[in-house]
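Here the structure is laid out as structure tokens; the discussion comes afterwards.
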Amino acid sequence: MISITGLHKQFGELEVLKGIDLQVNKGQVVVVIGPSGSGKTTLLRCLNILEVPTTGSITIENQTADFSKPVHKREIELFRRNSAMVFQNYNLFPHMTALQNVMEGPMIVKKMAKIEARKKAEKLLAKVGLGDKLDFYPHQLSGGQQQRVGIARALALEPKVMLFDEPTSALDPELVGEVLQVMKDLADEGITMVVVTHEMRFANDVADEVIFMDQGKVIERSKPIDMFTQPKEERTKQFLNLLQ
Amino acid sequence: MKFLRNGSAKMFWNNFSFDPDKMERYLDIAQSSLLPLLEGAVVYTLPLTLITFVLGLALAILTALARISTIKPFQWIARIYVSAIRGTPLLVQLFILFYGLGSVGIVIDPFPAAVIGFSLNVGAYASEVIRASILSIPKGQWEAAQMMGMSYSQTLRRVILPQATRVSIPPLSNTFIGLVKDTSLASAILVTEMFRRAQEIAAFNYEVLLLYTEVAILYWIICFLLSLVQGRLERRFDRYVSR
């Protein structure tokens, strides 16, 4: 489903990704963990080409973006439609209501008729438990509610893969649960997900596979139970110990 | 009270001493000049302000976009334009457009010359306001739009400019109100707008202080009404911002 080969990303002198090779199967939930600066967020942003990789290639389903040669803007826009991202800071559009935020993608990017887009958005907001908040502006919603709108907005794009960039890191502790629950439901539906998070319990409960990254490389990859009970690499052990 | 003993101050004072006949004459002049002044405002000052603001704003948006574009020649053209307009007096620009170009055979009528001059001026000043407003929108907004697959122009139209508009209303209102008053400079290139009417009437009856005070009050009233509109606009656009 997703196939990443030889992915490098350099910011000036700083090499953030040092050759990532990774496969994700359809319907799989992959959780990426690692210390800050390990490149996990950059990897996720590369999947949506919010960062253009320095070299390497990414294939999602049967569409390939090869970064060893310059990639045209239009190609990037088209490749982006394979995935949709949920941001740490939600990044909702503050001048639009919850409903309008979710309608925007289908209407503007997919050219769906307004009535249909509205129906779709209402359904998705109901699905994330916000059926009664359609006409609220983001600032009128709690962080957890905003993030659930963010998830609905991403789902409205009907991506082949959902990308979550530390979706609960900006939330008050008591609001984390409602967002994780929505994500769990999505995982149960069989949506392919790549999640960068510090929520180890979520990783343990929901992930099919956990990937540990450090200093721009994938250090270890295994089933959550193996990762959390018997990590193979020394670096992984250190990191997991620090969390306890 | 030393200045009262001064000759000219005394003259000033004498002029203002109460005299029923004089009072009546003042009222007469104030009244009879009101209509021509308002006509100057309605026929020239306000249309000139509105037309140039719309044209100037369009020019300003283009200039701001050129400034933030990644295409170097666009950046340079925008920079040179803004620098030239901001670095030279408006009155001098108007003189170049009207008298200067006229002297080499490029004759532009007073009103169109004023429209061109003021539009170029508003375009330059407002472009900086708009550029700053666009840059004030968080990077995450661009990224969210990009993530959704929006093109650059879709992102601007749907996400960035609507938010930048809210930010730019107070400073653009400043520009607009400044423009209302600046149009009085068009009197120097023979546009018979409100201030020129006042000059003409004063030249006829010599009541200079009266007429210029009257015209000042009219400008003030117009600007006051505009600031009320600004308040309404701000409230309208603030509905999506937490207080």
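Only the coordinates and a few stated rules stand behind these numbers; no lab work does. Note that this is a predicted model, so its numbers are computed, not measured. No Cβ is skipped: glycine too gets one built from the backbone with ideal geometry, and neighbour counts run over all protein chains shown.
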Legend entry - Ordering of A:165-172, B:215-222, A:192-199 by packing [mean C-beta count within 10 Å, highest first]: A:192-199, A:165-172, B:215-222
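Taking the number of other C-beta atoms within 10 Å as the exposure measure, put A:219, A:4, B:51, B:80 in order starting with the fewest. Walk me through the numbers on the way to the answer.
Details: A:219 18, A:4 21, B:51 15, B:80 10.
Lowest count first: B:80, B:51, A:219, A:4.
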Legend entry - ³J(HN,Hα), Karplus 6.51/-1.76/1.60, whole Hz, each residue of segment A:211-226, x for Gly, Pro: 10, 9, 10, 8, 6, x, 10, 7, 8, 8, 9, 6, 5, x, 4, 5
Inset, instruction - Let me know the shape class of segment A:70-198, please: from the alpha-carbon gyration tensor, a ≥ b ≥ c as square roots of the eigenvalues, rounded when a/c is under 1.5, otherwise prolate if a/b is greater than b/c, or oblate. - result: oblate
Legend entry - Distance between modelled label sites at residue B:79 and residue B:239, nm, 7 Å Cα→Cβ extension: 4.2 nm
Inset, instruction - Figure the gain on full extension for residue B:38 and residue B:50 (residue separation times 0.36 nm, minus the Cα-Cα span) and round it to one decimal in nm. - result: 2.7 nm
Inset, instruction - Between beta-carbons, use under 10 Å as the cut-off and find the net charge around residue A:102, counting Lys and Arg +1, Asp and Glu -1. - result: +2
Legend entry - Radius ratio Rg over Rh of the protein assembly as shown, counting only Cα atoms, Kirkwood formula for Rh: 1.17
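Take the Cα radius of gyration of chain B and divide it by 2.2 N^0.38 Å, with N its residue count; two decimals is plenty. If you can, show how the numbers build up before the last one.
Details: Rg = 23.2 Å, N = 243, 2.2 N^0.38 = 17.7 Å.
Cα Rg divided by the expected 2.2 N^0.38 Å: 1.31.
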Legend entry - Per-residue ³J(HN,Hα) for segment A:82-93, Karplus 6.51 cos²θ - 1.76 cosθ + 1.60, θ = phi - 60°, Hz, x for Gly and Pro: 5, 10, 9, 10, 10, 8, 4, 9, 6, 6, 5, 7
Inset, instruction - Would you mind checking which residues have amide H under 5 Å from residue A:27's amide H? H placed 1.01 Å from N; only 5 or more apart, or other chain. - result: A:192
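Can you classify chain A as rounded, prolate or oblate using the Cα gyration tensor, where a ≥ b ≥ c are the square roots of its eigenvalues, rounded means a/c under 1.5, and otherwise it's prolate if a/b beats b/c and oblate if not?
oblate
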Legend entry - Theoretical ellipticity at 222 nm over chain B - DSSP helices of four or more residues, -39500 (n - 2.57) apiece, nearest 500: -24500 deg cm²/dmol
Legend entry - Between helix A:114-127 and chain A: long-axis angle, C-alpha atoms, 0 to 90°, nearest 10: 60 degrees
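Evaluate E = 1/(1 + (r/R0)^6) for residue A:52 and residue B:109, where r is the Cβ-Cβ distance and R0 equals 51 Å; express this FRET efficiency to the nearest 0.05.
Numbers: r = 53 Å, r/R0 = 1.04.
E(calc), rounded to 0.05, equals 0.45.
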Inset, instruction - Using only Cα atoms, find the angle between the long axis of helix A:143-155 and the longest principal axis of chain A, and express it within 0 to 90 degrees, rounded to the nearest 10. - result: 90 degrees
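Work out the mean other chain Cβ neighbour count within 10 Å for the residues of A:92-101 and drop it here as an integer.
Taking all residues of A:92-101 together, the mean is 4.
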Inset, instruction - At 7 Å along the Cα-to-beta-carbon direction for both residue A:36 and residue A:76, put a label point, then send me their distance in nm to one decimal. - result: 2.7 nm
Legend entry - Kyte-Doolittle mean at least 1.0 and Cα axial length at least 15 Å: DSSP H helices in chain B: B:46-68, B:110-135, B:208-237
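Counting each DSSP H run of 4 or more residues in chain A as -39500 (n - 2.57), what helix-only mean residue ellipticity at 222 nm follows after dividing by all residues, to the nearest 500 deg cm²/dmol? Don't skip to the answer; put the middle values down first.
Values: 9 runs with 89 residues, N = 244.
About -10500 deg cm²/dmol.
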